[in-house]
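Here the structure is laid out as structure tokens; the discussion comes afterwards.
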Amino acid sequence: MQQLGEFFKRSRKLSGLSQEAMAEKMFMPRSTISKIENDKMELKVSDAARWCQVTNVPEFLAAILCGVDVNTVVHTLTKLIGGFITFINF
């Protein structure tokens with residue numbers, strides 16, 4: 001199975017949250033956030049959903065649940081959104 005810790009870490013950082021702030025929002029100790037981001041602990045589906053809600057990346061939760069590579073989803077969405085913005089500007 002794909003290692004998800006890096007995704008969780010990246011989504012937290014892109015949301016501008018420190019591990020301490022994320023821990024508060026997730027109602028978890030900071031050490032647990034660190035373990036998740038370093039693939040030393042897995043999240044329950046309900047906690048993964050909350051993480052994606054807190055970091056505002058619901059499309060990643062869908063990818064995780066469907067077993068789709070998260071990086072593929074990011075790449076596809078980036079191309080789709082970029083094309084849409086180009087279309088609007090014309």
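The values are calculated or read from the model by the stated rules, or taken from the named source; none is laboratory data. Please read these numbers as outputs of a predicted model, since none were measured by experiment. Backbone-built Cβ (ideal geometry, glycine too); neighbour counts: all protein chains shown. The area values use the complete protein model at the heavy-atom level, side chains included, leaving out ligands, DNA and RNA. Shrake-Rupley method; radii C 1.70, N 1.55, O 1.52, S 1.80 Å.
Within the range 15-27, being more than 19 Å from Pro58 (Cα to Cα) and in contact with an Asp or Glu (Cβ under 8 Å, 6 or more places away or on another chain) holds for one residue alone: Gln19. Does Leu17 fit the bill of being buried (at least 16 other Cβ atoms within 10 Å of the Cβ) and in a loop (DSSP other than H, G, I, E, B)? Here the answer is yes, as Leu17 does meet what is asked. Within the range 55-90, the set of residues being assigned to a helix (DSSP H, G or I), within 9 Å of the chain's Cα centre (by Cα) and modelled with pLDDT of 70 or more comprises Pro58, Glu59, Phe60, Leu61.
Conditions (1) among the aromatic types (Phe, Trp, Tyr); (2) touching a residue at least 24 places away in the same chain (Cβ under 8 Å); (3) touching a Cys at 6+ places or on another chain (Cβ under 9 Å), marked per residue:
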position: Gln19; (1), (2), (3): no, no, no
position: Met22; (1), (2), (3): no, yes, no
position: Lys25; (1), (2), (3): no, yes, no
position: Ser31; (1), (2), (3): no, no, no
position: Lys35; (1), (2), (3): no, no, no
position: Asp39; (1), (2), (3): no, yes, no
position: Ser46; (1), (2), (3): no, no, no
position: Trp51; (1), (2), (3): yes, yes, no
position: Asn56; (1), (2), (3): no, yes, no
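Does Ser31 meet the test of being open to solvent by less than 80 Å² (accessible area, probe 1.4 Å), under 17 Å from Leu77 (Cβ atoms) and hydroxyl-bearing (Ser, Thr, Tyr)? No: the conditions fail for Ser31.
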